[in-house]
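Input: a single structure, listed below in structure tokens.
The values are calculated or read from the model by the stated rules, or taken from the named source; none is laboratory data. All of these numbers come straight from a predicted model, not from anything done at the bench. All Cβ positions, glycine included, derive from the backbone under ideal geometry; neighbour counts span all protein chains shown. Ligands, DNA and RNA are excluded from the accessible area calculation, which covers all protein heavy atoms including side chains. Shrake-Rupley method; radii C 1.70, N 1.55, O 1.52, S 1.80 Å.
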Amino acid sequence: MSVASIQSDRLGANPFVVEGPIVSGSGIPGPNFSLGAVAGGDRESEWVYCQLVLASQTTLQPGQWFQWTRDYVASLLTTATAVVGQRCGVFSGAAQPPTLTGGGPVGAITLAPGTYYVWLQRNGQAPSQVATATAALVVAETTTTPGQASAPGSATATTKAIANVNFAAANQTFTATTVNGSNLLTSLSGLNAGSGPFIGAAVSGTGIAGGTTISGITYSPSGVVQSITLSANATANGTGITITATGVIEATLMRPFLSKVN
């Protein structure tokens with residue numbers, strides 16, 4: 001049986017809320033759950049409750065990869081700091097109530113230095129920041145960029161292998177309507193909230209300026225994606241335009257861990 005060691009008035013675990021900064025003696029309770037506690041959701045998703053200590057201002061983006069120790073202290077994953085045998089997962093997004101009005105993945109959050117508590121996803125369908133993705137692979141690898149993974153066709157020497165990760169495709173495509181001078185994509189087709197696209201992904205297509213990324217996503221109360229906000233305005237009108245998203249794509253996590261040095 002399990003024994004509750006911490007009590008909170010929160011109605012269940014919300015993996016999209018970052019708790020903190022926690023200041024000793026401030027009267028703000030923290031942590032609100034036992035470190036290592038697990039929360040579940042749809043699409044076989046599981047999140048693990050971890051401590052995150054930041055020495056400088058840091059922006060957490062959906063899909064960033066983290067590793068955590070046996071004491072559930074998390075850190076951004078890089079090749080240099082990766083420890084073989086440690087478990088890992090992704091930050092799937094953040095929102096502070098009442099900004100989350102609908103379903104679906106949520107956005108980035110900028111945090112001041114301090115001690116925080118976050119839910120990191122270890123199972124199910126999730127956003128993943130990747131330099132390269134090869135469809136159908138079940139092993140990814142670390143990179144030198146904090147929080148970014150890669151899944152090339154063959155292993156890169158000296159990286160650390162991340163076992164139990166699968167990418168259904170190397171990118172994501174969907175269709176949308178563009179309006180010249182507007183940064184909104186509307187009349188979306190071929191996507192859903194769980195599979196992306198995700199905030200931070202690079203997008204390309206007719207009428208989309210080079211270097212454009214997704215900066216926001218609007219959902220209906222039931223979790224349907226209604227519109228996508230881009231970091232730059234479209235340069236042409238278009239209907240049924242094929243949009244390709246890369247850099248932050250859907251991954252299937254199966255309790256990944258750092259398995260070896262390549």
Legend entry - Hits in segment 151-173 - residues which are closer than 14 Å to Pro256 by Cα and small (Gly, Ala, Ser): Ala151, Ala161, Ala163
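Search segment 72-97 for residues being of a type outside the set (A, V, I, L, M) and under 13 Å from Tyr117 (Cβ atoms), and hand back the single one that is surrounded by the most Cβ atoms within 10 Å (Cβ to Cβ).
The extreme case among them is Phe91.
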Inset, instruction - For residues that are more than 17 Å from the chain's Cα centre (by Cα) and under 24 Å from Phe91 (Cβ atoms), scanning just segment 204-218, find the one that is surrounded by the fewest Cβ atoms within 10 Å (Cβ to Cβ). - result: Gly211
Inset, instruction - Kindly list, by first and then second residue, each pair from a residue in segment 8-32 that is more than 24 Å from Gln61 (Cα to Cα) and modelled with pLDDT under 85 to a residue that is in a loop (DSSP other than H, G, I, E, B) and not aromatic (Phe, Trp, Tyr), limited to pairs with Cβ atoms under 6 Å and residues at least 6 apart or on different chains. - result: Ser8/Asn32
Legend entry - Tabulated pairs, segment 203-216, first within 16 Å of Asn171 (Cα to Cα), second polar (S, T, N, Q) and part of a loop (DSSP other than H, G, I, E, B), C-beta under 7 angstrom, 6+ apart or interchain: Val203/Thr212; Thr212/Ser231; Thr213/Ser231
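If I filter segment 242-259 for residues that are of a type in the set (Lys, Arg) and more than 22 Å from the chain's Cα centre (by Cα), do I get at least one hit?
There is no residue in segment 242-259 that is of a type in the set (Lys, Arg) and more than 22 Å from the chain's Cα centre (by Cα).
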Legend entry - Scope segment 122-172; condition in a loop (DSSP other than H, G, I, E, B), hydrophobic (A, V, I, L, M, F, W, C) and more than 27 Å from Gly41 (Cα to Cα); matching residues: Ala155, Ala157
Inset, instruction - Tell me which residues, restricted to segment 151-167, are more than 17 Å from Arg255 (Cβ to Cβ) and either β-branched (Val, Ile, Thr) or modelled with pLDDT of 95 or more (or both). - result: Thr156, Ala157, Thr158, Thr159
Inset, instruction - Please determine, by comparing only the residues of segment 19-57 that are of a type in the set (Ser, Thr, Tyr) and within 21 Å of Arg87 (Cβ to Cβ), which one is most open to solvent (accessible area, probe 1.4 Å). - result: Ser34
